[in-house]
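The values are calculated or read from the model by the stated rules, or taken from the named source; none is laboratory data. Note that the structure is a prediction, hence the values are computed from the model and not measured. Quick reminder, even Gly has a Cβ in these numbers, built from the backbone with ideal geometry, and neighbours come from all protein chains shown. Side chains are part of the model used for accessible areas, which takes the heavy atoms of the whole protein and leaves out ligands, DNA and RNA. Shrake-Rupley method; radii C 1.70, N 1.55, O 1.52, S 1.80 Å.
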Amino acid sequence: MPDAVGFDQHPSETLRARKGFLLSKVDPDATPGYSGTKEDGQALLAEMDNGLTELQEKLFAESRFGGRKRILLILQAMDTAGKGGIVNHVMAAMNPQGVQFKAFKAPTEEEKSYDFLWRIEKEVPAAGMVGVFDRSHYEDVLIHRVRAWATPAEIKRRYVAINEFETRLTDSGTKVVKVMLHISGEEQKQRLLARLDNPAKHWKYSRGDLEERAFWDDYMSAYQAAIEETSTAAAPWHVVPANKKWFARIAVQQLLLGALTDLNLEWPKAEFDVAMERELAARS
């Protein structure tokens, strides 16, 4: 069986938000750096899962012997962009004991009584873990900006606090992978209608999704500002065109694989005489 069609250029390069980045120039229907078809992409997704599984196990194994490395995948997107499907696939490809997943909902009254990062810092992954945030601290500079729940000065303060927080994470051995799944307003409409047309998907629908759609342009401006202010060398943003769900999944998979590879993971060396232990095991 021939190898699956790979990326012409790694998503960490093609999807990275660099200086001068404009969200308005990103085509949600595009497949940057990938010339394969949907079928090719699905084959690549399946082929690369084994690599993801092995690297995650190495990360976990290193931590059992003092390793401090860890991964934090942050997923941000408008509703229906496909975060859930990506989370399900990532978690299915990994050993559950090595994954810390957190879906951030509206803050509780207790959480509101603290600074916005308080509830986030409690959920950062431990050494050896792959942390996955479904939404994150970025909600506090997105919806709060759009709905004017915070002043412009406070939003600016939060950008600075986020950069300091993510710098602390990277300094402590965390590889931060920030992903915005970018869909078009028309694609979101079609996905919302599809949910309403399928009784099995009614539970996913919320009238609140329509309320937020009314602020679409404001959200795009808020994402643009957040990316400009917080895409740093240590924790860059990657904007993934997500109208094609299959492309979004392989792009995020490749970003995770690249991040794990960059950690230069190694299997822990045995601290015992392997030959002797093998002989004893054979005799048992």
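It is to be established whether one or more residues within region 71-90 are open to solvent by 50 Å² or more (accessible area, probe 1.4 Å), more than 17 Å from the chain's Cα centre (by Cα) and at negative phi. Please lay out each step first, then the result.
The first filter runs over region 71-90 and keeps only residues open to solvent by 50 Å² or more (accessible area, probe 1.4 Å), leaving 88.
Pick out the ones that are also more than 17 Å from the chain's Cα centre (by Cα) and you get none.
No, there is no match, as no residue in region 71-90 is open to solvent by 50 Å² or more (accessible area, probe 1.4 Å), more than 17 Å from the chain's Cα centre (by Cα) and at negative phi.
Residues being open to solvent by less than 60 Å² (accessible area, probe 1.4 Å) and out of contact with any His (no Cβ under 6 Å at 6 or more places or on another chain): count how many of those fall in region 27-39. Full working, then the answer.
Kept after step one, since they are open to solvent by less than 60 Å² (accessible area, probe 1.4 Å), are these residues of region 27-39: 28, 30-34, 36.
Narrowing further to those that are out of contact with any His (no Cβ under 6 Å at 6 or more places or on another chain): 30-34, 36.
Selection size over region 27-39: 6.
Take E123 and decide whether it is of a type in the set (D, E), touching a strand residue (DSSP E or B) at 6+ places or on another chain (Cβ under 6 Å) and modelled with pLDDT of 95 or more. So E123 fits the description; yes. Considering only region 215-236, state which residues are in contact (Cβ under 8 Å) with a residue 24 or more places away in the chain, hydrophobic (A, V, I, L, M, F, W, C) and closer than 24 Å to L169 by Cβ. A222, A225, A226, I227, A234, A235, listed by residue number. Only a single criterion out of (1) open to solvent by 70 Å² or more (accessible area, probe 1.4 Å); (2) within 30 Å of G128 (Cβ to Cβ); (3) not small (G, A, S) is not satisfied by D3, namely (2).
Answer yes or no as to whether R64 is touching a Gly at 6+ places or on another chain (Cβ under 8 Å), exposed (fewer than 14 other Cβ atoms within 10 Å of the Cβ) and touching a residue at least 40 places away in the same chain (Cβ under 8 Å). Talk me through it step by step, then tell me what you get.
Numbers: touching a Gly at 6+ places or on another chain (Cβ under 8 Å): yes; exposed (fewer than 14 other Cβ atoms within 10 Å of the Cβ): yes; touching a residue at least 40 places away in the same chain (Cβ under 8 Å): yes.
Judged against the criteria, R64 is a match.
Within region 269-279, can one find any residue that is of a type outside the set (A, V, I, L, M), part of a helix (DSSP H, G or I) and under 25 Å from the mean Cα position of the chain (by Cα)? Within region 269-279, none of the residues are of a type outside the set (A, V, I, L, M), part of a helix (DSSP H, G or I) and under 25 Å from the mean Cα position of the chain (by Cα).
Exactly one residue out of Q97, Q56, Q42 is open to solvent by 80 Å² or more (accessible area, probe 1.4 Å) and touching a residue at least 60 places away in the same chain (Cβ under 8 Å): that is Q42.
Which of the residues that make up region 110-159 are open to solvent by 20 Å² or more (accessible area, probe 1.4 Å), among the β-branched types (V, I, T) and more than 15 Å from Y219 (Cβ to Cβ)? Matches in region 110-159: V124, T151. Within region 88-105, being in a loop (DSSP other than H, G, I, E, B) and over 20 Å from K58 (Cβ atoms) holds for F104, K105.
Tell me the residue from E212, E266 that is touching a residue at least 12 places away in the same chain (Cβ under 8 Å), open to solvent by 20 Å² or more (accessible area, probe 1.4 Å), among the acidic types (D, E) and under 30 Å from A46 (Cα atoms), please. Break it down stepwise before answering.
Numbers: E212 fails: under 30 Å from A46 (Cα atoms).
Going through E212, E266 in turn, the sole match is E266.
Where residues in region 215-255 are assigned to a loop (DSSP other than H, G, I, E, B) and touching a strand residue (DSSP E or B) at 6+ places or on another chain (Cβ under 8 Å), which of them is surrounded by the fewest Cβ atoms within 10 Å (Cβ to Cβ)?
Start the filter on region 215-255 by keeping residues that are assigned to a loop (DSSP other than H, G, I, E, B), which leaves 215, 231-236, 242-244.
Restricting the remaining residues to those that are touching a strand residue (DSSP E or B) at 6+ places or on another chain (Cβ under 8 Å) gives 231, 234-236, 242.
Working: S231: 19, A234: 13, A235: 21, P236: 18, A242: 28.
So, considering only residues that are assigned to a loop (DSSP other than H, G, I, E, B) and touching a strand residue (DSSP E or B) at 6+ places or on another chain (Cβ under 8 Å), the one surrounded by the fewest Cβ atoms within 10 Å (Cβ to Cβ) is A234.
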